1. Starting from residues that are outside any loop (DSSP other than H, G, I, E, B) and open to solvent by less than 10 Å² (accessible area, probe 1.4 Å), keep the ones in segment 53-65 and report whichever is nearest to A18 (Cα to Cα).
2. I'd like the full set of residues that are surrounded by fewer than 22 Cβ atoms within 10 Å (Cβ to Cβ) and within 16 Å of ligand 2 (Cβ to nearest atom), limited to segment 173-197.
3. Hey, G120 hits all of (1) within 16 Å of ligand 1 (Cβ to nearest atom); (2) surrounded by fewer than 21 Cβ atoms within 10 Å (Cβ to Cβ) but one; which does it fall short on?
4. Suppose we filter segment 66-115 for residues that are at negative phi, over 16 Å from the mean Cα position of the chain (by Cα) and part of a loop (DSSP other than H, G, I, E, B); how many remain?
5. Scanning segment 198-249 for residues that are touching a Ser or Thr at 6+ places or on another chain (Cβ under 6 Å) and of a type in the set (D, E), which turns out nearest to ligand 1 (Cβ to nearest atom)?
6. Could you tell me which of the residues L260, L229 is open to solvent by less than 40 Å² (accessible area, probe 1.4 Å), closer than 21 Å to N198 by Cβ and either part of a loop (DSSP other than H, G, I, E, B) or touching a Phe, Trp or Tyr at 6+ places or on another chain (Cβ under 7 Å) (or both)?
7. If I ask for residues that are open to solvent by 20 Å² or more (accessible area, probe 1.4 Å) and over 21 Å from A116 (Cα atoms), which ones from segment 198-225 would you list?
8. Any idea which residue in segment 1-15 is nearest to ligand 1 (Cβ to nearest atom), counting only those that are open to solvent by less than 10 Å² (accessible area, probe 1.4 Å) and assigned to a strand (DSSP E or B)?
Amino acid sequence: MQRNVLIAGDLHGNATFAQALLQVARRKECARVFVVGDFGAWEHMHSGRRYFDVVNRAAKKAGVTVYFLDGNHDKSSLLHELYDEHPDDEGFLVCRSHLRYAPRGHRWTWAGTSFAAFGGAASTDKAWRLAREARKAAKAETRRRYGSSKRPETAGTLWFPEEEMTDEELDALLEADDSPVDVLLTHDKPRASEPPWNRKDKPECYPNQDRIQRVVRTLRPAVLFHGHLHVRYTDTIASGDGQWTRVEGLACDPEAAQYLEYSTEHSWYVLELPYAEQRLAGTDETEPRSLPA
Ligand SMILES: [Fe+2]
Ligand SMILES: [Fe+2]
């Protein structure tokens with residue numbers, strides 16, 4: 001079995017790009033693709049259900065299983081509602097035969113390498129999304145007054161109240177298991193990393209970035225992959241007690257790209273397993289060891 005994992009940034013329901021990624025996975029000998037949030041879990045919409053079907057069919061054909069954690073633009077409450085009763089042997093929720101969701105705090109081991117997933121982030125366009133939902137609700141109300149029997153749901157269709165972790169949610173997850181991991185997968189960035197371009201450097205984003213930072217300090221991963229910023233960068237941050245975490249921010253699908261130096265190749269990373277990097281215990285904090293790319 002091919003052990004490598006293709007870690008990928010935000011797809012935003014872009015089926016064409018998902019199919020291109022599956023071809024990259026085949027070329028790079030990856031039996032798994034893991035998308036670090038904003039995957040496009042919109043099963044409350046017909047188009048979202050179709051997207052899941054299309055990606056699943058393409059994954060099956062490619063002989064690849066696609067995994068994802070939730071971003072702020074994934075309706076994770078519905079994933080739990082639909083799939084909590086259908087975990088696979090590793091505890092992922094089975095959305096389709098070749099499509100699996102990693103809930104917040106989920107841990108697993110692939111080829112001797114331990115992983116944890118912590119989804120969620122804050123939307124900076126929350127007000128715009130809520131205003132659009134309100135406009136849709138007003139239009140539906142008008143149609144009803146003119147005799148339409150349709151009662152479309154509008155709340156929770158564009159902005160999802162569960163989008164970021166709460167402090168209580170994180171407390172419970174870390175209390176349940178605070179043991180270290182090799183690889184941490186998140187949607188949001190840790191507060192301390194410094195990308196060259198940061199469209200989320202806003203006060204409303206800091207609480208969740210602080211939560212991810214807390215996860216880093218507790219689990220001390222050797223490497224962390226995240227999305228959400230839509231920019232590719234590598235940084236190294238302190239995770240406490242002289243240890244360091246390499247942070248790999250991944251870009252997104254081409255349609256959501258805004259960074260001038262964007263390239264589609266910035267959207268993925270081939271993670272070879274078992275993850276050979278050694279923990280950096282004892283390293284001088286003032287001099288992060290240079291890490292292989
Ligand atoms: Fe996001
Ligand atoms: Fe995104």
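1. Among those residues, the one meeting the criterion is V55.
2. Of everything in segment 173-197, those that are surrounded by fewer than 22 Cβ atoms within 10 Å (Cβ to Cβ) and within 16 Å of ligand 2 (Cβ to nearest atom) turn out to be P195, W197.
3. (2)
4. 8
5. Once the filter is applied, the top-ranked residue is E248.
6. The conditions single out L229.
7. Those that are open to solvent by 20 Å² or more (accessible area, probe 1.4 Å) and over 21 Å from A116 (Cα atoms): N198, R199, D201, K202, P203, E204, Y206.
8. A8
The values are calculated or read from the model by the stated rules, or taken from the named source; none is laboratory data. Please read these numbers as outputs of a predicted model, since none were measured by experiment. With ideal geometry, Cβ positions are generated from the backbone for all residues, glycine too; neighbour counts draw on all protein chains shown. Remember, those area values only see protein heavy atoms, side chains included, never the ligands or the DNA or RNA. Shrake-Rupley method; radii C 1.70, N 1.55, O 1.52, S 1.80 Å.
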